[in-house]
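Values quoted throughout were computed directly from the atomic coordinates according to the rules given, and no laboratory measurement underlies them. Values in this document were obtained by computation on a predicted structure and should not be read as measured data. Cβ placement follows ideal geometry from the backbone for every residue including glycine, while neighbour counts extend to all protein chains displayed.
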C-alpha cells in the first residue's frame, strides 16, 4: 500500500513543491484541527456527536478478523482524543492551538 512518503512524492510532483513528509503531516494536522475548531465553535457537542452509526455500535461484524465484535467507541474515543492532543472531552486545548498556529481562530 501507499504510505506517507508516497503521498508526499505525488503531491510534490503535482504541485511543484519540495515539502518533507513531516511538513505535509503538519499541514494535515492543522486542517483536521481547524475543522474541529470550526465545528466546536458552531456548537458541536463531542459527547453526543462523536459517534458512529448505531449499526456499528450494536450489530456484530458478520465476517472477517473482527467477526462477532462491535465497535467499542466509549473505550476508543479517549485514546483517539489523546492521540490528537485534545482534552478528555474532545476539545482542543489552547496549547495545541498555539502549537498549530490556530490560536487566532479562537477569537
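Tell me, please, whether a residue that is surrounded by 10 or more Cβ atoms within 10 Å (Cβ to Cβ), touching a strand residue (DSSP E or B) at 6+ places or on another chain (Cβ under 6 Å) and not in a loop (DSSP other than H, G, I, E, B) can be found in the stretch 65-73. The answer is no, given that none of the residues of the stretch 65-73 is surrounded by 10 or more Cβ atoms within 10 Å (Cβ to Cβ), touching a strand residue (DSSP E or B) at 6+ places or on another chain (Cβ under 6 Å) and not in a loop (DSSP other than H, G, I, E, B). Of all residues in the stretch 75-102, those being in a helix (DSSP H, G or I) and either out of contact with any helix residue (DSSP H, G or I) (no Cβ under 9 Å at 6 or more places or on another chain) or surrounded by 15 or more Cβ atoms within 10 Å (Cβ to Cβ) (or both) number 15. Residue under question is residue 33, and the condition is that it be in a helix (DSSP H, G or I), in contact (Cβ under 8 Å) with a residue 60 or more places away in the chain, under 30 Å from residue 105 (Cα atoms) and out of contact with any strand residue (DSSP E or B) (no Cβ under 8 Å at 6 or more places or on another chain); does it hold? Criteria met by residue 33. Any residue at all in the stretch 47-57 that's in contact (Cβ under 8 Å) with a residue 40 or more places away in the chain and within 15 Å of the chain's Cα centre (by Cα)? Taking every residue of the stretch 47-57 in turn, at least one turns out to be in contact (Cβ under 8 Å) with a residue 40 or more places away in the chain and within 15 Å of the chain's Cα centre (by Cα). Residue 29 falls short of the stated requirement of being within 24 Å of residue 92 (Cβ to Cβ), under 18 Å from the mean Cα position of the chain (by Cα) and exposed (fewer than 14 other Cβ atoms within 10 Å of the Cβ).
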